[in-house]
1. Give just the number: which of (1) among the β-branched types (Val, Ile, Thr); (2) at pLDDT 95 or above; (3) over 30 Å from ALA88 (Cβ atoms) does VAL177 not satisfy?
2. So, in the range 215-248, of the ones that are free of Cβ contacts under 8 Å to residues at least 60 places away in the same chain, in a loop (DSSP other than H, G, I, E, B) and surrounded by fewer than 17 Cβ atoms within 10 Å (Cβ to Cβ), which residue ends up farthest from the chain's Cα centre (by Cα)?
3. Those residues that are under 26 Å from ALA372 (Cβ atoms), hydrophobic (A, V, I, L, M, F, W, C) and assigned to a helix (DSSP H, G or I), I need them from the range 416-466; list them, please.
4. When you scan the range 480-531, how many residues do you find that are touching a Gly at 6+ places or on another chain (Cβ under 7 Å) and acidic (Asp, Glu)?
5. From the list ALA181, ALA269, exactly one residue is touching a helix residue (DSSP H, G or I) at 6+ places or on another chain (Cβ under 7 Å), more than 30 Å from LYS84 (Cβ to Cβ) and touching a residue at least 60 places away in the same chain (Cβ under 8 Å). Which is it?
6. Would you call LEU323 within 28 Å of ASN399 (Cβ to Cβ), without any contact (Cβ under 8 Å) to a residue 60 or more places away in the chain and of a type in the set (A, V, I, L, M)?
7. Would you mind stating whether LEU261 is aliphatic (A, V, I, L, M), part of a loop (DSSP other than H, G, I, E, B), at pLDDT 90 or above and surrounded by 21 or more Cβ atoms within 10 Å (Cβ to Cβ)?
8. Scanning for something over 19 Å from ASP527 (Cα atoms), touching a strand residue (DSSP E or B) at 6+ places or on another chain (Cβ under 9 Å) and surrounded by fewer than 23 Cβ atoms within 10 Å (Cβ to Cβ), does the range 427-449 turn up at least one residue?
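The values are calculated or read from the model by the stated rules, or taken from the named source; none is laboratory data. Because the structure is a prediction, the values reported are computed rather than measured. Here the Cβ is made from the backbone with ideal geometry for all residues, glycine too, and neighbour counts use every protein chain on show.
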Amino acid sequence: MGKRRRATERTNNRPLVIGGAIALVCVVGAAGAYFLLGGGAAADDRSADAAHHRLVKIGPPSASEVRTTATAFLMAWQHGDVAKAAAATDDSAAATQLLTGYGKDAHITGVTLTRGTPSGTSVPFSVKATVSYKGMSKPLAYASRLTVVRRAKDGVPLVRWQPSVVHPDLTEGDRLVTGEAGTPPVKALDRNGGELTTAKYPSLGTVLDGLREKYGKTAGGKAGIELRIARKAAKKGTQKTPDKTLVTLSEGTPGTVKTTLSPTLQAKAEQEVTTKDKASVVVMRPSTGEILAVANHDHGFNVAFQGSLAPGSTMKIVTSTLLFEKGLAKADKAHPCPKFVTYGGWKFQNDNKFEIKNGTFKSSFAASCNTAFISQATKLQNDDLTNVAQQIYGLSMNNWAIGVPTFDGAVPVQSAAQMAASLIGQGGVRMNPLNMASVVSTAKTGVFHQPYLVASSVDNRTLAKATRTMSASTQAQLREVLQYTAEAGTAAKAMAGLGPDYGAKTGSAEVDGQKQPNGWFTAWKGDLAAAGVVQAGGHGGDSAGPIVAALLRAGS
């Protein structure tokens, strides 16, 4: 007993905590499938040639292998053995770089990892540690997850390396850094002067990060000491994702930035997006471009401002502008809406293969008839839709300056079937709720006002402008078809009681590998406009429609 106790006393490494119990790492054999590597000899061949053959296990890692592999990796990481931890992953170079920076650049010490119960090959775990820098320290705690995979060449189970293993908010190219924040903090205010915080408005995390990135150095603040995620540099032509603060060791002195957000509508938007999984919404004022609310069901990525999704039939607002401008459609004139139209080798159809006989363009728009738009593809040039989107709606130019990073829509020049698909918001067309709120605002007023969150007078930045406006005839027809859709078309149920100064368009966008389409809805009521998407929500009138309509009612 004495010898055993002394041996224990000489052990310096702390044990990995697993569900409150000390982990004992052992290699356990498990039944599974194997293949023979190196030739055709049987596994039990005792000849000299058998030395050149070995069995390689295939198939998913067993429960025992998952536990053993995860435990070995977590123990090595906890004990600061970067080389051993990295060797337990399928990308030792990338793992070495990030795990080395965990201690060296992020100044994280005293790491304790607690493994949770595996689910298949996925293993949750929690992290408790201390961030220490120049005599200051603060606790750090968060949850993460790893996945165990089998290396194809030899069947060895390993941790699949991805930055989110180290911290769930890390993506490829990001780093953890502790030190003086590169940018001083800001105190963001709503349009009435009230402070905007994530405690009040959970969706605003990425927005507040973006405001700090943009205005921190000019708003009069002083940087503090923080552990933060330093984001990778942006690709050419894109906007950098703001850094994210994880732990504040010493408070900086914040500067002040006033936004256009309405506290009433922001609170309502936060409430509405909780009603549907993966819902996102934006509210703005068509006459000025002021953004009044932005909210997402999921708070990790700002889909409302930076999402890149096919907008489905809401794109028919832009396509209708093109058809009206070219004289290929008139709101009250007869227009074909057959069950099927073939173009570029693709056969297009309407929802449930409906058709409208002897109908007008207005009735086709209100019923969201795909073939009414595809049928005009033979009379269009490949760049027609792109030109209208850029010149009239200010889209797809990557030049919006709203005060935080955005994706400004994409309407690429395409040909054949993809060009036809673009006319109904599929193909290569990509949008987000901010883009579509802007589209319906332009349709309502006839003039593009770039959306903005911070007034341009704050930093003298230049807002994007359209190079031309739509004709008065086109605007009148757009308002007519949008009003009719809100009154008697696919948007009527959601928009009930909001007329007469209103208009709306629904959309459903198919996504490969997704059972239900993304549901879209964009509408105006008076001098309010809103757009929303519910990913995998099905028909836009039923999913995104009630969210958008509730916000228009709240702001009326």
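1. Failing condition for VAL177: (3).
2. Per the criteria, the residue is GLY220.
3. ALA416, ALA417, MET419, ALA420, ALA421, MET436, ALA437, VAL439, VAL440, ALA443
4. So the count comes out to 2.
5. Values: ALA181 fails: touching a helix residue (DSSP H, G or I) at 6+ places or on another chain (Cβ under 7 Å).
Only one candidate qualifies: ALA269.
6. On the way: within 28 Å of ASN399 (Cβ to Cβ): yes; without any contact (Cβ under 8 Å) to a residue 60 or more places away in the chain: yes; of a type in the set (A, V, I, L, M): yes.
Yes, satisfied.
7. Criteria met by LEU261.
8. Narrowing the range 427-449 to residues over 19 Å from ASP527 (Cα atoms): 427-432.
Subsequent filtering for residues that are touching a strand residue (DSSP E or B) at 6+ places or on another chain (Cβ under 9 Å) retains 428-432.
From what's left, surrounded by fewer than 23 Cβ atoms within 10 Å (Cβ to Cβ): 428, 430.
Looking through the range 427-449, at least one residue is over 19 Å from ASP527 (Cα atoms), touching a strand residue (DSSP E or B) at 6+ places or on another chain (Cβ under 9 Å) and surrounded by fewer than 23 Cβ atoms within 10 Å (Cβ to Cβ).
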